[in-house]
Structures are given as structure tokens and as C-alpha cells.
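Inspection log for the structure reproduced underneath, given as C-alpha cells.
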Amino acid sequence: MSSDRLSGAAAGWLAPISLYRALGEALSVFAPALLRARGWLRGSKAGALERRRAGERLAIASAPRPHGRLAWIAARAAADLEALIPVVDRLGAAGFHVLATTRDEGEAAPHLPPRALHQYAPLDAPRFCAAFLSFWRPDVAIFAGGERPPALVCEARRRGVPLAAVDARLSGRTAAVLARAPRFARAFFSGFEPCLAHAEPDAGRLRRAGAPDARWVGDPLYDVSPEPADAAALGRLGARIGARPAWCAFVGGLAEGELVIEAQREICAALPGAVLLLVPRRPALAQPLARRAGGRGLDAQIVGADDEGPAPDVLVAPGAGSGTALRAAPVAYLGGLGASAAPWIGLWGEPEGRGAQSPVGAAKLQCVIVHGPRVGAYAGAYDALDEAGAAACVADVGELAAEIVEALGDAATARARGRAAAQETERRSGASTQIMHALSPILAQVFLRPDVDDEEGA
């Protein structure tokens with residue numbers, strides 16, 4: 001972007017945002033106390049993580065800045081960041097270190113490849129944004145999904161950091177609000193070059209909002225590799241399950257876990273000896289889920305490192321990663337029953353679903369995929385797999401039990417669905433290559449700048 005265009009856009013951007021920035025600066029004095037209080041109120045492991053790393057929200061880094069070129073990927077939630085792991089890999093191969101930020105302190109970031117590190121994003125107040133950018137000095141800023149915090153974007157543009165948006169989302173509701181303030185929208189979105197949308201409808205809305213180079217290049221989520229398995233844990237699970245029919249279920253809360261346990265009761269009635277590998281996304285749920293399964297008349301046990309003997313009706317495995325669970329029991333319920341999406345909406349962020357997890361890893365492992373209707377950020381991937389006959393959406397416990405019984409009882413059909421899932425995922429892959437091609441002009445500018453040195457200190 002030329003300096004004249006930058007200054008003109010900045011003028012249009014700063015005027016309407018000045019009140020937001022002033023309010024953020026005034027409230028920022030209360031931020032440390034509020035973060036501490038929220039961490040204690042949340043309790044459990046999520047609260048402990050939040051308390052331990054709350055300083056990052058105040059722009060107090062918990063890791064040193066890497067030497068050399070640094071690309072910053074800003075995502076609202078782990079789901080957005082997960083979709084960009086292939087891009088993180090490619091940025092590392094191109095010679096960049098990668099700083100990945102997310103906003104939910106209670107949510108662990110996905111495993112990052114070498115040359116990448118994770119921090120929680122600063123609160124969107126001017127003092128924290130300035131401190132964050134002064135410390136990390138990113139050479140390029142890549143905003144993912146619906147992450148567009150106004151004060152942080154404004155400060156990055158003021159410092160001349162090249163901005164890009166990838167896997168970008170803009171809902172129809174937010175677009176309608178922005179249509180009432182077209183000058184403001186153009187000034188805000190004109191700074192993102194390129195602007196690569198999550199889907200074709202998002203691309204159209206972003207173009208109308210003022211993004212000059214908004215287009216869709218595919219969904220990078222399809223390029224994500226399955227999580228590797230823990231070989232020792234997989235061997236133990238395989239020995240305990242043996243030849244019995246087994247399925248796995250990933251649940252985000254007690255209410256959803258109770259639905260899955262009720263489905264297991266129905267499955268055991270139809271297929272005696274069936275095993276449920278129940279994987280809570282929060283380890284603190286393991287004990288309550290085991291108690292609830294026992295209260296429903298099912299034998300339940302929490303998986304340990306030294307367990308032996310045949311598996312009970314329900315194996316609660318809080319430490320099992322998806323790579324291990326999906327290989328041990330390749331008929332999988334991935335969530336979406338009884339979950340709810342975030343109810344709010346705004347310019348700088350779209351609603352992030354808290355329902356089902358990504359289906360891509362399960363599809364690439366040729367699993368049978370079953371899910372509920374609330375799939376959040378992964379709606380596009382689930383719709384594609386549903387349409388290809390590679391996944392099934394269920395509305396209640398009865399439908400869930402029926403789908404699992406059919407998959408466990410008909411091996412030929414299960415294999416066909418698994419192959420269809422893998423083929424559909426492969427057909428839609430390749431977006432990360434297109435994203436890197438679109439980013440190449442601004443990445444090349446970083447290599448041409450005389451003030452960027454691979455041996456530069458922090």
C-alpha cells in the first residue's frame with residue numbers, strides 16, 4: 001500500500017475509532033485485577049492456565065522474541081489457528097519464525113510446528129497493543145478467521161506493519177451493520193491486502209465492505225494432518241478392547257457427556273460387549289463422567305498408564321489425544337449435540353462455535369464420522385462430508401445410537417464411508433499453497449528490507 005493511501009485510510013479509520021480507543025485506555029487500569037478475579041472464578045485447569053499466563057493479556061511476554069524475521073498470526077480461538085497449521089509450516093520453511101496468538105486463555109492452543117510459538121493476545125486497549133507490538137516487532141501481521149481487534153489493527157497499521165487476512169469471515173449480520181457506515185468499513189478493511197475469505201459468500205461480503213483484494217482460495221483446514229498417536233497408549237487400548245466393537249466420543253461438557261452415555265446404554269443393548277472410549281476435552285470432567293456412567297448401570301473406568309484386563313463398557317480417557325482415540329476406535333462421534341455457540345457478534349470477531357471438533361483428521365484416518373447439528377467454525381467441512389455421504393448428522397440420542405450400531409455392525413458400509421471421507425478431504429485440499437502464493441508479495445518485501453536481519457537480537 002502506498003504511503004498516501006495508507007495515510008488517507010488511516011484518517012478515515014482513526015476518526016470513528018477514537019472513542020473506542022479512549023474507552024479502552026480508561027478501562028485498562030482495571031485490567032490486571034479483572035484478569036486475576038476471572039482466573040480464580042473459573043477454577044479448574046482452565047482457570048489455572050488463565051492465572052499462569054494472564055500477563056500475556058497485558059502484553060507481558062512469557063517467551064523471548066526469536067531472532068530474525070517474524071510473522072505474526074492472530075486468531076481468536078484455537079479452531080482458527082488449527083486450520084492454519086499448514087501455513088505456519090510453510091512460513092517456517094520460508095525462513096520466518098511464527099508468533100501465533102489466540103484470545104481464550106482457558107483454551108489450550110494446538111500443537112505448533114518448529115519455529116513457532118504461542119502467546120495469548122493482548123487486551124484491545126492502546127497501551128497493551130503498543131507494548132505488544134514494541135516487544136514482538138512483527139514483520140507481517142496475518143489476521144485469521146474473525147479476528148480483527150480495532151485498536152490492535154490500528155496500531156499495527158500506524159507502525160507500517162503489512163496486514164493480511166486469511167480464512168477471513170464476515171457474517172451477513174455484521175455486513176448489514178457495516179453497510180450503514182460505508183466510509184468506516186472501507187477505511188478499516190482497505191488495510192488488509194490480501195484478504196482471503198473462509199468461503200465464497202464471505203468473499204463477496206468482504207469486497208462490499210471495502211477489502212480491495214477479497215477472494216476465496218479454499219479452506220486451509222483440509223490441509224491439516226491427523227494428530228499423531230501415542231504408540232504406547234494406543235497399544236494398551238488395543239489390547240484392552242481386543243476384537244470387541246468400539247467407538248469413541250469427544251465431549252465438551254457434562255450435559256453432552258450424559259447424552260453420549262445414554263447412547264452407549266442403547267448401543268450395549270443392541271450390541272452386547274460394545275466399548276465406548278469417552279474423551280472429555282477438559283480433564284476435570286473425567287471423574288464426573290465416570291460417576292454418571294456408573295449411575296446409568298454401565299461399568300466405567302478412567303484410563304491409567306498401568307491398566308490391564310478387558311475394557312469396561314465405558315473407558316474415560318481424559319489424556320487421549322484425537323490421534324490415539326481415532327485409531328483405537330475409528331467410529332467417532334465428534335460433538336455437536338447439546339453444545340452452544342457464542343451468542344454475541346461484532347465487527348472484530350464472528351461467533352466461534354463451541355460444539356464439534358474438526359472432522360478433517362478423522363476423515364483422513366478413514367473414520368466413520370457422526371456429529372450433532374452444532375458444529376461451529378467447522379460447518380463448511382461438515383456440510384461437505386455430509387453431502388458426500390461420508391458423515392452423518394444426528395439430532396438426538398436415539399439417532400446417535402442408531403448410527404453407531406449401524407457402523408459397528410456393518411464393516412463394509414463403515415469402510416466405504418471412511419474411504420469417502422478421505423477422498424472428499426483430499427479433493428478439497430491445497431488451500432495452504434494458494435494462501436502462501438497470495439502472501440508472497442508482502443513476504444518478499446520483508447526479505448528486501450535492509451532493517452531485517454536473520455541475526456537480529458530480540
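Can you give the accessible area per residue of the stretch 224-282, in Å², using a 1.4 Å probe? Before the final figure, lay out the partial values.
Working: 2370 Å² over 59 residues.
With all protein chains present, the stretch 224-282 gives 40 Å² per residue.
For the stretch 173-324, give the percent of accessible area contributed by carbon and sulfur heavy atoms, probe 1.4 Å, rounded to a whole number.
Working: 3500 of 6580 Å².
With neighbouring chains kept in place, the figure for the stretch 173-324 is 53 percent.
For Ala232 and Thr433, compute 0.36 nm times the residue count separating them, minus their Cα-Cα distance, and round to one decimal in nm.
Values: separation 201, 0.36 × 201 = 72.36 nm, distance 3.44 nm.
The span from Ala232 to Thr433 would gain 68.9 nm if fully extended.
How far is it, in nm, from the label point at Ala412 to the one at Leu34 when both lie 7 Å from their Cα along the line to the Cβ?
According to this spin-label approximation, the distance is 6.2 nm.
For Ala168, enumerate residues with amide H under 5 Å from its amide H, sequence gap 5+ or separate chain, H modeled in the peptide plane.
For Ala168, the qualifying residues are Gly145, Leu196, Ala197, His198.
Considering only protein heavy atoms, with the full assembly of protein chains and a 1.4 angstrom probe, order Arg158, Arg327, Arg417 by accessible area, largest first.
Values: Arg158 165, Arg327 95, Arg417 35 Å².
Sorted descending by solvent-accessible area, the residues read Arg158, Arg327, Arg417.
Using label points projected 7 Å from each Cα along Cα→Cβ, tell me how many nm separate Val177 and Ser440, to one decimal.
The answer from the label model is 3.8 nm.
The values are calculated or read from the model by the stated rules, or taken from the named source; none is laboratory data. As the structure is a computational prediction, the values presented were derived from the model and not from experiment. Quick reminder, even Gly has a Cβ in these numbers, built from the backbone with ideal geometry, and neighbours come from all protein chains shown. Please note that ligands, DNA and RNA were not included when accessible areas were found on the heavy atoms of the full protein model with its side chains. Shrake-Rupley method; radii C 1.70, N 1.55, O 1.52, S 1.80 Å.
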